1. Among the residues of the range B:28-61, which ones have their accessible area go down by 10 Å² or more when all the protein chains sit together, as opposed to their chain alone (1.4 Å probe)?
2. Of all beta bridges DSSP finds with both residues in chain A, what is the antiparallel percent, to the nearest 5?
3. On the protein heavy atoms, probe 1.4 angstrom, tell me the percent of accessible surface of chain B carried by carbon and sulfur.
4. Distance from the Cα centre of the range A:62-110 to that of the range B:54-73, in angstrom?
5. Leaving ligands, DNA and RNA out of it, work out the accessible area of A:Ser62 with a 1.4 Å probe and give it in Å² to the nearest 10.
6. Express the accessible area of chain B per residue in Å², computed with a 1.4 Å probe while the remaining protein chains stay in the model.
7. If I take R0 = 41 Å and measure r between the Cβ atoms of B:Ala20 and A:Arg63 in this structure, what FRET efficiency does the formula 1/(1 + (r/R0)^6) give, to the nearest 0.05?
8. Between A:Thr108 and A:Phe51, what is the label-to-label distance in nm when each label sits 7 Å out along the Cα-to-Cβ direction?
Amino acid sequence: ETGVTQTPRHLVMGMTNKKSLKCEQHLGHNAMYWYKQSAKKPLELMFVYNFKEQTENNSVPSRFSPECPNSSHLFLHLHTLQPEDSALYLCASSQDGGLFFGEGSRLTVL
Amino acid sequence: RKEVEQDPGPFNVPEGATVAFNCTYSNSASQSFFWYRQDCRKEPKLLMSVYSSGNEDGRFTAQLNRASQYISLLIRDSKLSDSATYLCVVNSNQAGTALIFGKGTTLSVSS
């Protein structure tokens with residue numbers, strides 16, 4: 001069981017599709033994150049939101065568009081992705097310390 | 001130099017062995033340090049924070065050497081269930097909100 005819930009768990013999309021990943025945290029944390037995990041690579045920080053405000057954008061291509069309507073919800077909108085964007089996308093939350101991750105959304109771009 | 005570098009591994013050890021993982025970080029201003037554990041096809045989970053004075057949690061001991069920008073994790077009396085990838089994590093900004101992960105070191109404990 002986890003305090004951070006991600007949906008969908010698996011997603012297959014074509015390069016012309018538009019889809020969104022959703023993350024919800026039930027821990028009362030102030031900060032939320034998107035990370036990307038590709039095979040044989042370290043987790044890559046994509047975006048950080050602190051009290052709903054974006055505080056980090058780690059040079060992520062504009063085909064990834066985050067949205068944080070409140071401290072408990074975080075979205076990652078996807079459009080015109082490339083096959084190399086296939087990866088596990090992990091959402092996390094934190095408050096003054098370590099990260100708590102969701103189970104991830106495994107994305108395959110065809 | 002990469003922000004966070006870890007021993008490449010994999011480490012293959014028998015049950016009961018003691019194993020140590022090392023990690024170096026490049027940002028001397030980093031303030032927060034953690035070890036995470038990630039099982040195959042699962043999300044990373046916080047194993048322990050690393051404090052300046054060093055800290056211990058059961059069979060696990062974490063050490064920090066700020067002068068050398070070096071963190072270590074020692075696992076004593078390895079169990080089969082310790083088999084996983086261990087990720088070194090360092091914060092990269094003053095607010096401590098941007099945590100940077102190492103590639104991880106894979107541990108395999110066999111009977």
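The values are calculated or read from the model by the stated rules, or taken from the named source; none is laboratory data. Small disclaimer: the values here were computed from a predicted structure and weren't measured. Heads up, the Cβs are rebuilt from the backbone with ideal geometry, glycines too, and the neighbour counts pull from every protein chain shown. The accessibility values were calculated without ligands, DNA or RNA, using every heavy atom of the protein model including side chains. Shrake-Rupley method; radii C 1.70, N 1.55, O 1.52, S 1.80 Å.
1. In the range B:28-61, residues shielded by partner chains: B:Phe34, B:Tyr36, B:Gln38, B:Arg41, B:Lys42, B:Glu43, B:Pro44, B:Leu46.
2. Beta bridges within chain A, antiparallel portion: roughly 90 percent.
3. That share works out to 47 percent.
4. Their Cα centres are 31 Å away from one another.
5. Looks like 100 Å² after rounding.
6. Here the residues of chain B average 48 Å² of exposed surface.
7. About 0.50, to the nearest 0.05.
8. Once both label points are built, they end up 4.3 nm from each other.
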